Amino acid sequence: MTTTPPAQPTPAELLRSLARTRASLDGEEVTYWWSGDVYSWAPDEPYRRVFGFEGLNVARLVQDADAGPDAYQLLTREAAFYLDPTSREILETWEDRPVVHVWNDPANQKWRPFPVPTTELGGQVCFSLEIPLAYPSPLPVAQYPEHSAGDTYKALELFQFFADRADLAGPAPGVPATMSWSRMSPWLPWMAQGQRPGGLTFHCRGRKLGSYDEVPERTRTYIADHHPEFAHAPEKWSEPNETSWTYFRKLHPVP
C-alpha cells in the first residue's frame, strides 16, 4: 500500500509562518534583540575581532491590501551599537575617530508570497533568508575617497529564524523565536579605510523579546538619551530605507 506524502505548504502559507515568527499578525509591536561580534579581514592579515555588536529591531506587521490578501508591510526601526570587544561598553571613538552607530529609520520591507527556504530541525523549523546586495554606493569614491570602499556597495546578509513547530501549529498571531545573523560588508564609512582591500564580517545571535522592556537597561538608556523614537516601530510606510551609508552621507553632506 502506498502512502500519500503530506501536502507541501504553499508560498502564502510559508510567508504567514515566517510573519508569525518574525513579527505578529495582529499588528502589535515586536522587538528582536541580538548580540555578537564584528571581525575584520584583509589580505595577508590575521582575522581580528574589532568590535562587539549589540542591536535591536522594533517591528510592526501590517497587511498590504493594495498588493493582495497575502501581502504584508514590515515597518521597522533598527538601532545597533559598536562595542569595545573586551569590556563590551558602547564605543564613542575608535582609533581617534568618532564612531557612528546604526540608526536605521526606517528599515522597512514589502513581503509577497515566495517559497521561503525552511529546514526541519527536530521540533523546530528554521527559516533561512540569504540576501546578496549590490547597488551604486551612496558614497562615491570621487566624493568620499577616505570613507568609500568603492562605487558599488556589495554585501551579503544571512538570516536564520527558529521557531517551534508546535507553536506554529497553534493559533497565536505571533510565536516565540530565536535568530542568527551574519553579514559580510565593506569597511564602515566612519572607519576611514578608503579602498584598502578587505572588509568586515558580523556574527550575531538573538531572540524575539516579550516586550521592549526586556532590552538590556544599558541599551534602552542609550536609545532614550540619543534617539528615543527607536523604542517604537513606525506608524506607516515610508521610503527610502536608511542604511549606515546613507546616514553617514547625511552627517557629512558633499559641499
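Quick notes
- Among the criteria (1) free of Cβ contacts under 8 Å to residues at least 12 places away in the same chain; (2) out of contact with any Asp or Glu (no Cβ under 7 Å at 6 or more places or on another chain), the one residue 140 does not fulfil is (2).
- Residue 38 vs. criteria touching a helix residue (DSSP H, G or I) at 6+ places or on another chain (Cβ under 9 Å), at negative phi and in contact (Cβ under 8 Å) with a residue 40 or more places away in the chain: no
- Within segment 9-53, being of a type in the set (Phe, Trp, Tyr) and assigned to a strand (DSSP E or B) holds for 32, 33, 34, 39, 41, 51, 53.
- Listed by position, the strands (runs of 3 or more DSSP E) contained in segment 68-156 that have at least 2 residues being surrounded by fewer than 17 Cβ atoms within 10 Å (Cβ to Cβ) and modelled with pLDDT of 95 or more are 109-111, 118-121, 124-136.
- Test: residue in segment 177-190 that is surrounded by 15 or more Cβ atoms within 10 Å (Cβ to Cβ), in contact (Cβ under 8 Å) with a residue 60 or more places away in the chain and in contact with a Pro (Cβ under 8 Å, 6 or more places away or on another chain): yes
- Residues of segment 49-67 that turn out to be touching a Pro at 6+ places or on another chain (Cβ under 9 Å) and either basic (Lys, Arg) or modelled with pLDDT under 95 (or both), as a count: 2
- Flag for residue 163 being hydrophobic (A, V, I, L, M, F, W, C) and over 21 Å from the mean Cα position of the chain (by Cα): no
- In a residue-by-residue description of segment 185-193, the property of being under 18 Å from the mean Cα position of the chain (by Cα), assigned to a strand (DSSP E or B) and at pLDDT 95 or above applies to at least one position.
Residue-by-condition table, conditions (1) farther than 25 Å from residue 42 by Cβ; (2) of a type in the set (Lys, Arg):
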{"residue": "181", "(1), (2)": "no, no"}
{"residue": "196", "(1), (2)": "no, yes"}
{"residue": "203", "(1), (2)": "no, no"}
{"residue": "207", "(1), (2)": "yes, yes"}
{"residue": "211", "(1), (2)": "yes, no"}
{"residue": "215", "(1), (2)": "yes, no"}
{"residue": "218", "(1), (2)": "yes, yes"}
{"residue": "230", "(1), (2)": "yes, no"}
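- The criterion of being surrounded by 12 or more Cβ atoms within 10 Å (Cβ to Cβ), in a loop (DSSP other than H, G, I, E, B) and in contact (Cβ under 8 Å) with a residue 12 or more places away in the chain holds for residue 237.
- Number of the exception - residue 255 against (1) loosely packed, with under 14 Cβ neighbours inside 10 Å; (2) within 28 Å of residue 146 (Cβ to Cβ); (3) modelled with pLDDT of 95 or more; (4) not hydrophobic (A, V, I, L, M, F, W, C): (3)
The values are calculated or read from the model by the stated rules, or taken from the named source; none is laboratory data. The shown structure was predicted, so the numbers you read here are calculated from the model rather than taken from an experiment. Neighbour counts are summed over all protein chains in view; Cβ atoms, including those assigned to glycine, are modelled from backbone coordinates with ideal geometry.
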